[in-house]
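J.: Provided herewith is a single structure, encoded as structure tokens, for subsequent inquiry.
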Amino acid sequence: MKILLSGGAGFIGSHTYVELTKAGHEAVIVDNLYNASEKVLERLQVITGKPVPFIKADVADRSAMRAVFSEHKFDAVIHFAGYKAVGESVQKPIEYYRNNLDTTLTLCECMREAGVKCIVFSSSATVYGPLETSPLEESMAPEDCTNPYAWTKSMNERILLDAVHAMPDWSCALLRYFNPIGAHESGLIGEDPVGIPNNLMPFITQVASGKREKLSVFGNDYNTPDGTGVRDYIHVVDLARGHVAACEYLLTHPGAEIINLGTGIGYSVLDIVNTFMRVNNIDVPYVIAPRRSGDMDSYYADPSKAKALLGWQAEKTLDDMCRDSWRWQSNNPNGYRD
Ligand code: UDP
């Protein structure tokens with residue numbers, strides 16, 4: 001298949017590029033590099049041994065995207081492009097709604113014009129909202145979202161479900177990611193957050209490397225076995241393989257599917273910290289801090305639909321995730337800015 005990766009230079013997009021190439025597909029990355037580095041492209045070339053088809057363009061720019069669709073004949077689109085910082089979305093809701101909805105609408109218009117009918121959307125488990133009933137199943141009615149970022153994911157899901165309803169020969173997978181961590185085993189590509197990381201694993205790796213003094217563990221009085229928050233961490237390479245499986249499935253299955261991509265296993269913050277220290281033989285100083293507002297006790301997937309429908313399941317262990325995250329961080333202390 002020939003697949004357009006919108007936002008393909010980012011953390012999940014770049015890993016998906018590798019897995020698509022490995023599976024024999026052809027992928028073209030379109031990215032405006034707003035939140036990604038051009039260096040990713042060189043690294044992808046090293047990993048795959050082939051030049052990386054790349055077009056620098058804003059996915060919300062209709063004339064640029066029309067040109068992309070007339071230059072290439074795509075079988076499917078995987079849509080990653082979008083702003084992704086939860087806290088920032090609270091400060092800049094208008095920018096988030098404008099960008100995250102425009103990119104999807106523009107892509108859909110260009111797909112319709114060009115006769116491309118398959119789309120995989122990068123959604124998030126955050127659309128379930130503050131549900132207290134893990135494991136989370138796709139059929140559960142979500143609660144209201146808790147921030148504009150989450151609403152943009154939820155609204156994009158609605159847009160795509162309605163589009164498929166109106167165009168029944170389209171196929172669409174709304175992939176709800178749980179907590180992607182880890183990195184490609186080469187240590188050449190990985191997560192490269194700007195500024196102080198909000199997410200747990202990038203914060204841990206920066207503490208381990210001495211860039212930050214200590215980790216704050218947000219709350220140890222949750223209703224979980226050790227009192228710290230439980231999440232469903234998934235290796236980014238497993239997640240990337242899930243996109244390959246979804247594309248292959250969509251080619252022969254019109255209609256829309258919502259699919260969780262998680263492991264189904266919940267680990268606590270202290271499980272992550274202790275595993276990271278053990279497998280990498282490195283210290284991660286931490287303190288117990290107050291709860292972070294909006295956080296839940298436990299949030300993890302029921303991943304059985306992905307297995308039944310796509311034949312996909314996560315394979316990598318928490319040890320792999322911690323080892324690979326650290327290899328990426330220790331080889332690239334300043335991310336792609338080295
Ligand atoms: N967390 C933490 N310290 C940090 C960042 C996160 O204790 O510096 C905890 C957070 O409270 C949650 C878990 O780690 O229980 C995962 O948080 P993250 O922000 O990575 O993902 P979320 O599930 O909130 O999207």
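J.: Charges at C-beta only: +1 for Lys and Arg, -1 for Asp and Glu. How large is the resulting dipole of the chain about its Cα centre, in Debye rounded to 20?
T.: The dipole magnitude comes to about 640 debye.
J.: On to the next question. Please give the calculated 222 nm ellipticity per residue for the chain, where each DSSP H segment of at least 4 residues contributes -39500 (n - 2.57) and the sum is spread over every residue; nearest 500 deg cm²/dmol?
T.: -12500 deg cm²/dmol
J.: Considering Cα pairs under 8 angstrom that are at least six residues apart, work out the relative contact order of the chain and quote it in whole percent.
T.: Over the chain, the number comes to 19 percent.
J.: While we're on this one: Got a sec to turn the phi values of region 100-107 into Karplus ³J(HN,Hα) couplings, 6.51 cos²θ - 1.76 cosθ + 1.60 with θ = phi - 60°, whole Hz, x for Gly and Pro?
T.: 6, 8, 4, 4, 5, 5, 4, 4
J.: To continue, here is another question. Tally Lys and Arg at +1 and Asp and Glu at -1 over the other residues with C-beta under 10 Å from the C-beta of residue 310: what net charge comes out?
T.: The answer is +1.
J.: Name the residue, out of 23, 125, 256, whose mean-square fluctuation peaks in a Gaussian network model built on the chain with Cα pairs under 10 Å.
T.: 23
J.: Can you work out D for the chain in µm² s⁻¹ from Stokes-Einstein, where Rh is the Kirkwood radius over C-alpha pairs, the temperature is 37 °C and the viscosity is 0.692 mPa s?
T.: Here the translational diffusion coefficient equals 163 µm²/s.
J.: What are the aspartates and glutamates whose alpha-carbon lies under 14 Å from the alpha-carbon of residue 214, with same-chain residues fewer than 8 places away excluded?
T.: 283
J.: Let me ask you something else. Take residue 297 and residue 216, extend 7 Å from each Cα along the Cα→Cβ direction, and tell me the distance between the two endpoints in nm.
T.: Calculated label separation equals 2.4 nm.
J.: While we're here: Tell me which of 165, 86, 224 sits at the most positive position along the dipole axis of the chain, charges placed on C-beta atoms (Lys, Arg +1; Asp, Glu -1).
T.: In the chain, that residue is 86.
J.: Using the number of other C-beta atoms within 10 angstrom as an exposure proxy, rank 96, 233 with the fewest first.
T.: 96, 233
J.: Please figure out what share of the DSSP beta bridges in region 204-328 is antiparallel and state it in percent, rounded to the nearest 5.
T.: Expressed as a percentage, antiparallel bridges in region 204-328 total about 25.
J.: Going by Cα centres, region 293-338 and region 93-115 are how many Å apart?
T.: Cα centres, region 293-338 to region 93-115: 28 Å.
J.: Here's a follow-up. How far is it, in nm, from the label point at residue 94 to the one at residue 165 when both lie 7 Å from their Cα along the line to the Cβ?
T.: 3.0 nm
J.: So what's the net charge close to residue 106: Lys and Arg +1, Asp and Glu -1, counting the other residues with Cβ under 14 Å from its Cβ?
T.: For residues surrounding residue 106, the net value is -1.
J.: Taking Cα centroids, how far is region 52-81 from region 183-210 in Å?
T.: With region 52-81 and region 183-210 each reduced to a Cα centre, they are spaced 29 Å.
J.: Shifting gears a bit: How much of the DSSP beta bridge set in the chain is antiparallel, as a percent to the nearest 5?
T.: Of all bridge pairs located within the chain, approximately 5 percent are antiparallel.
J.: Step through the residues of region 48-53 one at a time and calculate ³J(HN,Hα) from phi using the Karplus curve (6.51 cos²θ - 1.76 cosθ + 1.60, θ = phi - 60°), rounding each to whole Hz and writing x for Gly and Pro.
T.: 8, x, 9, x, 9, x
J.: Taking the chain as the reference, fit the longest principal axis to its C-alpha atoms, fit the long axis of helix 148-166 to the helix C-alpha atoms, and give the angle between the two in degrees, 0 to 90, nearest 10.
T.: Computed tilt is about 30 degrees.
J.: Convert each backbone phi in region 33-41 into a coupling constant with the Karplus relation 6.51 cos²θ - 1.76 cosθ + 1.60 (shift: θ = phi - 60°), then list the ³J(HN,Hα) values in order as whole Hz, x for Gly and Pro.
T.: With coefficients 6.51, -1.76 and 1.60, one gets 6, 5, 10, 8, 10, 4, 4, 3, 5 Hz.
J.: Over what distance in Å are the Cα centres of region 223-255 and region 120-154 separated?
T.: So the two Cα centres are separated by 14 Å.
J.: Can you give the charge dipole size of region 46-135 about its Cα centre, rounded to the nearest 20 debye, using +1 on the beta carbon of Lys and Arg and -1 on the beta carbon of Asp and Glu?
T.: In total the dipole reaches around 240 debye.
We did not get these values from a lab; they are worked out from the coordinates using the rules stated. In this text, all values refer to a predicted model and were calculated from it rather than measured experimentally. Neighbour counts are summed over all protein chains in view; Cβ atoms, including those assigned to glycine, are modelled from backbone coordinates with ideal geometry.
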